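First up is the structure itself, then whatever we jot down about it.
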Amino acid sequence: MIAESVMPYPMVRMLEHLEIDSEIGFALMPEKMADAVVRCRTCKHFHTCDYDVESRYFRCRNRDLFDHLEDLQNDQ
């Protein structure tokens, strides 16, 4: 729950859309998750990302991280 309070809302929405548990990411890859938070906050789509999550996924700067988290979650 602490992780969600740190993450920007568009990133929370993206993780929810992808059904990824953010706690896994913060537990296994804290530096990469911290970097992802910064990338999200500085993204030019930050203010519009949460409106159309599905299409934004394909242009998301954190897409590789989300794919990696999805793989980690599926392995558990």
Relative contact order (%) - region 2-75, alpha-carbon pairs under 8 angstrom, separation at least six: 41 percent
Burial order of peptide ranges 62-68, 25-31 (average beta-carbon count within 10 Å, highest first): 62-68, 25-31
Sorted by Cβ neighbour density within 10 Å, fewest at the top, the residues S22, S55: S55, S22
Computed helical MRE - 222 nm, the chain, DSSP H runs ≥ 4 contributing -39500 (n - 2.57), nearest 500: -19000 deg cm²/dmol
Note, ³J(HN,Hα) from phi for region 24-30, Karplus 6.51, -1.76, 1.60, rounded to Hz, x at Gly and Pro: 4, x, 5, 6, 8, 9, x
Option label - mean projected area of the Cα convex hull in nm² computed here, alternatives (1) 6.7; (2) 5.5; (3) 4.5: (3)
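Please report R39, R61 as a ranked list, fewest other C-beta atoms within 10 angstrom at the top and most at the bottom.
R61, R39
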Electrostatic dipole magnitude of the chain [Cβ: Lys, Arg +1; Asp, Glu -1; Cα centre; debye, to 20]: 560 debye
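Throughout, read-outs are computed from the coordinates displayed, never taken from laboratory work. Keep in mind it's a predicted model, so treat the numbers as computed, not measured. Note: ideal-geometry Cβ built from the backbone for every residue, glycine included; neighbour counts use all protein chains shown.
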